[in-house]
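Undergrad: Okay, here's the structure, questions in a sec.
The values are calculated or read from the model by the stated rules, or taken from the named source; none is laboratory data. Keep in mind that what you see is a predicted model, and the values were worked out from it rather than measured. In this analysis, Cβ positions are derived from the backbone assuming ideal geometry, glycine residues included, and neighbour counts consider all displayed protein chains. The protein model used for the area step is the full one, side chains on, heavy atoms only, and it has no ligands, DNA or RNA in it. Shrake-Rupley method; radii C 1.70, N 1.55, O 1.52, S 1.80 Å.
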Amino acid sequence: ESAWWRKKRDVPKGGREVTKDDPLTVLVAGGGLAGLVTAAACHAKGMKVAIFEQASSYAPYGGPIQIQSNALRAIQSISQECYEELMAAGTVTADRVSGLKIGYKKGNKLAGLYDAGDWLVRFDTIGPALEAGLPATVVVDRPVIQQIFVKHGIPEGTVRIKSRVSTFEDLGNGQGICA
């Protein structure tokens, strides 16, 4: 039997009625962080989603990702479970000084008049978050974020590993696409 995204549907011009039994269908090209969050958001709204990831597996590569307060709130609105897992796995960084420091010795062309370790700018990340009622900024390793979204953000079988969208056909007139 052909996969649901390969089947041409009989859809009237201008689109079709979207129902719980016949939801909007979404194809996501790429299973990185953006693809996983997009798929989780679509799934949370009742859409049927397929992710196509060209990698052969979700390998534990990539460094820490800082998730700002407003992004955490967005994730919380998508999936409370993903939000709670991220908060448990993350390291809160909003409770310390944030900013940009010089890493070069004085006199270096890139450093200008500053000494190594001098602050170029400092900024408050906890104050604005607290004022807006947002959670504190956290840092989480990329592979951990991926695992959380694969496990808690989307149904099993949503990600197709070693797959890519190589072509698609726009059916026009609001009738969708076929890949």
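Undergrad: Give the whole-number value, in cubic angstrom per residue, of the convex hull volume spanned by the C-alpha atoms of segment 5-61.
TA: 108
Undergrad: Please give the charge dipole size of segment 21-179, origin at the Cα centre, charges +1 on K and R Cβ atoms and -1 on D and E Cβ atoms. Round to the nearest 20 debye.
TA: 680
Undergrad: Counting only residues 5 or more places away or on other chains, whose amide H sits under 5 Å from the amide H of Ser79 once H atoms are built in the peptide plane?
TA: So Ser79 has HN proximity to no qualifying residue.
Undergrad: What net charge is computed for the residues neighbouring Ser163, neighbours being all others with C-beta under 13 Å from the C-beta of Ser163, Lys and Arg scored +1, Asp and Glu -1?
TA: Within the 13 Å Cβ shell, the charges total +3.
Undergrad: While we're here: Consider the candidate values (i) 14.9; (ii) 13.2; (iii) 7.6; state which one is mean projected area of the Cα convex hull in nm² computed from the structure displayed.
TA: Step by step, mean projected area of the Cα convex hull in nm² for this structure corresponds to label (i).
Undergrad: Here's a follow-up. Ranked from highest to lowest mean number of other Cβ atoms within 10 Å per residue, what is the order of the peptides 36-45, 130-139, 158-167, 10-19?
TA: Top to bottom by mean Cβ count within 10 Å: 36-45, 130-139, 158-167, 10-19.
Undergrad: With every protein chain kept in place and ligands, DNA and RNA left out, what is the accessible area per residue of segment 31-96? Probe 1.4 Å, answer in Å².
TA: Using a 1.4 Å probe on heavy atoms only, each residue of segment 31-96 averages 52 Å².
Undergrad: Charges on Cβ only, +1 for Lys and Arg, -1 for Asp and Glu, centred on the Cα centroid of the chain; of Leu130, Ala179, Thr93, which one is farthest towards the dipole's positive end?
TA: Ala179
Undergrad: Hey, could you get me the Stokes-Einstein D for segment 133-179, Kirkwood radius over alpha-carbon pairs, 4 °C and 1.567 mPa s, rounded to whole µm² s⁻¹?
TA: Answer, rounded: 90 µm²/s.
Undergrad: Taking 26 Å as the cut-off for C-alpha to C-alpha distance, list the pairs among Lys13/Lys162; Lys13/Lys151; Lys8/Lys162; Lys101/Lys151; Lys8/Lys151; Lys7/Lys151 that go past it.
TA: Checking Cα-Cα distances, Lys13/Lys162; Lys13/Lys151; Lys101/Lys151; Lys8/Lys151; Lys7/Lys151 exceed 26 Å.
Undergrad: Moving on. Which net charge results for the neighbourhood of Val139, defined as the other residues with beta-carbon distances under 15 angstrom from its beta-carbon, given Lys and Arg at +1 and Asp and Glu at -1?
TA: Local net charge: -1.
Undergrad: While we're here: Roll a 1.4 angstrom probe over the protein heavy atoms and tell me the percent of accessible area of the chain that is carbon or sulfur.
TA: Here carbon and sulfur together make up 52 percent of the probe-accessible area.
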